[in-house]
Every structure is written in C-alpha cells, then in structure tokens.
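Where a number appears in this text, it was derived from the coordinates with a stated rule and is not lab data. Please read all numbers here as calculations on a predicted model, not as lab measurements. With ideal geometry, Cβ positions are generated from the backbone for all residues, glycine too; neighbour counts draw on all protein chains shown.
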Amino acid sequence: MKKLYAFVWALMMLPAVAFAATPAVSFVNQLTDQIIQNVLASDKPKEEKLVEFRKDFTEALDLKSIGQFVLGVYWRKATPSEREAFLTAFMDFTTKTWADRFDMYHGQTIVFTGERESGKNQVYVDSQIQNNPPVEVIWRLREKNGSYRIIDIIVEGVSMAMSYRNEYTSFLQAHGGQVSALTRELETKSREFQFTDSLK
Amino acid sequence: MRNLTWIFVALGMILILGGCATKPTDPEQLRIYEQNNDPLEPMNRTIFGFNMAVDRLVLKPAAKGYRTVVPSPVRKGVNNFFNNLKQPVYFVNALLQGEGKAAGQIAGRFAANTFWGFFGIFDTASQMDIPVDKRDFGETLAVWGVENGGPYLVLPILGPSNVRDTAGIGVDSFLAPVDWALRHEPWLVYGVWGVNGFRVREQALDFLDSLERSSTDLYATMRSMYQQNRKKEIDELLKNPNMPESAPAYEFDFPDEFSDDE
C-alpha cells in the first residue's frame with residue numbers, strides 16, 4: 001500500500017523533472033518527495049518525524065563510505081571497534097543535526113536539472129530548490145550492485161562530506177588523533193540535542 | 001569607508017600578533033595544512049573568539065530582540081531596503097567585470113525597486129522575474145586575474161574572508177552610496193550599518209544556532225564552508241572549464257576508500 005502511494009506520488013511529481021529521468025535522478029527525486037511529504041511538510045509530532053527521517057536517511061546514505069571519508073587519514077589509524085562506534089555516533093548525530101533544521105522548510109519545491117558522471121560508479125544529480133534566489137543542491141551518488149546510495153550532498157558549493165572532514169580533522173588534531181574522543185564528543189552533543197528538543 | 005578602518009585594524013593585528021602556524025613536516029599533516037590554506041590560524045582563531053564573544057554579548061541578543069519586536073513583514077521590508085542599497089555596488093562591479101548584460105539587469109532591479117518598490121522596501125523586481133545578482137569587488141579582482149584569494153582571514157566583526165576578498169570589502173564599502181550620501185553625518189552612517197548588522201544577524205539566527213549546536217569545531221566548520229562556497233561563486237563567475245557547474249574539486253581519494261569489503 002505504501003509503495004503504491006509512493007508510486008502515485010512519484011507520478012504526480014513527474015513535471016518536477018525537467019528532462020528524461022534517469023535511474024539516479026529518480027532515486028533522489030523519490031527520496032526528496034518522501035522526505036518532504038512524510039517529514040518536512042507533515043504535521044506529525046516531532047518524534048515521529050525524526051523516526052521517519054532516520055529511516056529514509058539511513059536507507060539512502062552510504063554511511064560507511066561517508067564515515068571513512070570524513071575521518072580522512074584518521075580512519076586508517078582507528079581500530080575496527082573505534083570505527084564501528086564512530087559510525088553509530090556519527091549517524092545518530094547527523095540525523096539530529098538535520099532534524100534540527102526541519103523548521104527552516106517553508107514549502108519550497110525541488111527541481112532536477114541534470115546528471116553528470118563524477119568518477120567510477122559515481123554520478124552527480126543536479127537540482128535546485130526553488131527559492132529567491134534559488135539554492136543549488138548537488139547529490140553525489142555511488143552505484144553498487146545496481147542500486148544507488150548517497151555519498152555526499154553539496155549545497156551552494158558546500159560539500160557536507162568535505163565540511164565534516166575538515167571539521168573532524170581539526171578536532172582530531174587538537175585531540176591527539178583519538179577517534180574515540182571524537183565519538184564521545186558526538187555522543188555528548190547528541191544528548192544536548194535531546195535537551196534542546198524537549199525545551200521546544 | 002568605515003569598513004576600511006576595520007581592515008586596517010585587522011592588518012595591524014596581523015602585524016602585532018604575528019600569529020603564524022608552524023608548517024608540519026609529516027606529509028599527511030602537510031596536505032591537511034595546505035588544504036586548509038590558513039597559515040595565520042592562531043591569529044584567526046583569536047579574532048574568531050573575539051567575534052564569538054561580541055556575538056554572544058551584543059549581536060545575537062540584539063538580533064533576537066529585533067526578531068521578537070519587529071513583525072516579519074516589516075523585517076522583510078527592511079531586508080529589501082538594505083539589499084536595494086547594495087545594487088549600485090553590484091552594478092559598478094558588473095561593469096568592471098565586463099558583464100554588460102548583468103549590469104543592465106542589476107540597474108533594472110534597482111530602478112524597479114526604488115521607484116515601484118517605494119525606495120526599495122518592496123521587492124517589485126522579483127515579481128517582474130528580474131533575478132537577484134550579487135557582485136562584489138573580490139569577484140571583480142578574480143575576473144581581473146586574482147583567481148587565488150590567498151590565505152584565509154577572519155576579520156573582526158565581519159567574519160570569514162581571505163586576503164583578496166578583504167581588499168574587495170574595502171573597495172565595496174568605498175563604493176557604497178549610503179556612505180557618500182551621509183558622509184557629513186558619521187553617526188547616521190554608524191546607525192545605518194548598525195541596523196544592517198542586526199538584520200543580517202537575524203537572518204542567520206536559525207542556521208548559526210544550529211551550526212553551533214552541531215559542530216565539534218565551529219572555527220573549522222565555518223572556514224570550510226566559507227572557502228567552499230566562495231570557490232563556487234568564483235568558479236561560476238569565471239566559468240572555469242575545469243569546474244563544470246561547480247562540481248567540487250575533490251575526489252574520494254583514499255586507495256581503501258569505497259572498498260567493497262562489507
């Protein structure tokens with residue numbers, strides 16, 4: 001039933017795709033529709049939105065690749081259990097960071113404008129959030145076994161992966177390269193988020 | 001014109017503090033160091049700390065107060081008004097960049113909003129589908145050949161910049177019509193830029209709050225975001241053939257990255 005609903009929704013959204021939709025574009029289009037409909041534009045309570053968002057987000061992201069990239073040189077130095085713990089904390093924290101920005105949505109729509117190759121098994125999907133002035137969003141996808149996963153989201157030239165990488169590198173430099181210290185920091189900040197949520 | 005004073009203050013502080021980071025010898029750390037493009041990091045962090053203190057004590061509370069007291073439509077009008085005041089600066093820069101068409105459009109936007117938009121309070125131009133087009137002197141310098149903005153700089157109050165764009169801010173403030181029109185009333189000029197500061201900060205409230213909550217190193221996050229976003233603007237302007245439609249210039253570049261060993 002839910003699939004059927006998504007399909008009907010996708011059909012309704014077809015005019016938003018300004019050119020022949022490729023599988024990569026359809027993948028992002030479906031995801032953004034889902035998130036706009038079930039999370040951003042929905043009037044469900046915040047907790048439910050967060051659950052829904054976490055689900056969509058986790059399924060769509062190639063978390064391991066992103067985690068590897070954002071830790072940069074420190075990934076290779078970390079032990080398997082440190083990596084595992086970091087990925088869990090990173091995912092939890094990233095979801096909350098984005099959820100924190102739900103309220104900034106004011107009914108904007110997204111238009112897909114193109115697709116380009118970005119390396120082996122990788123594509124960029126170009127899109128624009130209809131605003132004044134419009135906001136350019138590029139989705140970087142990686143294909144594996146015929147399905148796509150997001151490895152980066154680039155908003156007005158600012159790559160999420162690159163920003164996290166620069167931030168975490170700087171944090172780790174100041175903390176003796178200890179990935180466990182970063183994980184603890186993310187967990188602490190994550191708890192603070194819950195605190196601000198309950199205040200709202 | 002007033003901003004120019006700040007830039008001299010900033011340059012003075014560079015000389016006084018002389019806060020240079022030591023260049024690392026380890027090749028991996030050296031790569032990070034070069035990518036950050038921030039040889040003055042210790043000094044920049046000091047100014048950043050100063051800015052955060054001023055923000056916490058003055059700017060943020062004032063911006064919050066402004067948001068509470070002034071209703072949204074009025075704030076929109078104020079934003080439109082200040083944006084309109086900047087159009088002559090954008091216009092001159094478009095001309096200096098040799099972009100006649102863009103200059104025409106900016107002039108059109110200015111005319112529409114000044115006359116039909118009641119001195120810029122209403123954004124009539126957007127209803128007429130004249131797009132927003134901002135052009136600063138830092139970009140003009142890039143068009144003239146200064147493609148590399150040089151080391152990262154944090155300016156007092158004004159925030160993230162680089163060497164080229166700091167010079168650009170100086171020239172742009174020299175071009176600002178408000179400063180010329182009110183040059184005999186310095187306090188009025190301070191007042192105008194003060195209100196401008198609050199309304200700019202108000203627009204950034206949600207995003208910066210969220211960034212503060214989410215970043216483990218706000219200085220590094222803002223540096224990264226500024227550098228990436230600025231690079232995109234410059235690349236777009238130069239229509240850099242190596243950078244089609246602002247594709248970011250990094251590869252997921254570790255040999256073991258994206259290994260399929262899941």
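Return the average number of partner chain Cβ atoms within 10 angstrom of each residue Cβ along peptide B:203-216.
Per-residue shielding by partner chains comes out at 4.
Which of these, A:Arg116, A:Arg54, A:Arg140, has the largest mean-square fluctuation under a Gaussian network model of chain A (Cα springs below 10 Å)?
Greatest mean-square fluctuation among the candidates belongs to A:Arg116.
Run the simple label-point estimate for A:Lys46 and B:Lys239 please: 7 Å along Cα→C-beta, distance reported in nm.
4.8 nm
Have a look at A:Lys46, A:Lys120, A:Lys64 and tell me which one the Gaussian network model of chain A (Cα, springs below 10 Å) gives the largest fluctuation.
Looking only at A:Lys46, A:Lys120, A:Lys64, the biggest GNM fluctuation is shown by A:Lys120.
Sort A:153-164, B:110-121 for me by packing, meaning the mean count of neighbouring Cβ atoms within 10 Å per residue, highest on top. Could you put the intermediate results ahead of the total?
Details: A:153-164: 20.7, B:110-121: 17.5.
The most tightly packed comes first, giving A:153-164, B:110-121.
Can you return the lysines within cross-link range of B:Lys101? Criterion is Cα-Cα under 19 Å, with same-chain partners fewer than 8 residues away left out.
Counting by Cα, and skipping residues close in sequence, B:Lys101 has these lysines nearby: B:Lys86, B:Lys134, B:Lys239.
When the chain is fully extended, how far beyond the present Cα-Cα distance does A:Ser81 get from A:Val111, taking 0.36 nm per residue of separation? Numbers along the way, then the final one.
Working: separation 30, 0.36 × 30 = 10.80 nm, distance 4.09 nm.
The A:Ser81-A:Val111 span can extend by a further 6.7 nm.
Compute the relative contact order of segment B:15-120 as a whole-number percentage, counting only Cα pairs closer than 8 Å that sit 6 or more residues apart in sequence. Don't jump to the answer; show the numbers that get you there.
On the way: 58 pairs, mean separation 19.2, N = 106.
This gives 18 percent for segment B:15-120.
How large is Rg/Rh for the protein assembly as shown, to two decimals, with Cα atoms and a Kirkwood Rh?
Details: Rg = 23.1 Å, Rh = 24.1 Å.
In the protein assembly as shown, Rg relative to Rh is 0.95.
Mean-square fluctuation check for chain A, GNM, Cα pairs under 10 Å: which of A:Thr79, A:Thr113, A:Thr94 is largest?
In the Gaussian network model the winner is A:Thr79.
Provide a whole-number value for the mean count of partner chain Cβ atoms within 10 Å of the Cβ atoms in peptide A:99-107. Intermediate results must be reported in sequence, preceding the final value.
Values: counts 0, 6, 5, 0, 2, 3, 0, 0, 0.
Partner Cβ neighbours, averaged per residue: 2.
What is the average number of partner chain Cβ atoms found within 10 Å of a Cβ in A:68-77?
Values: counts 6, 6, 0, 1, 7, 7, 1, 3, 4, 1.
Average per residue, whole number: 4.
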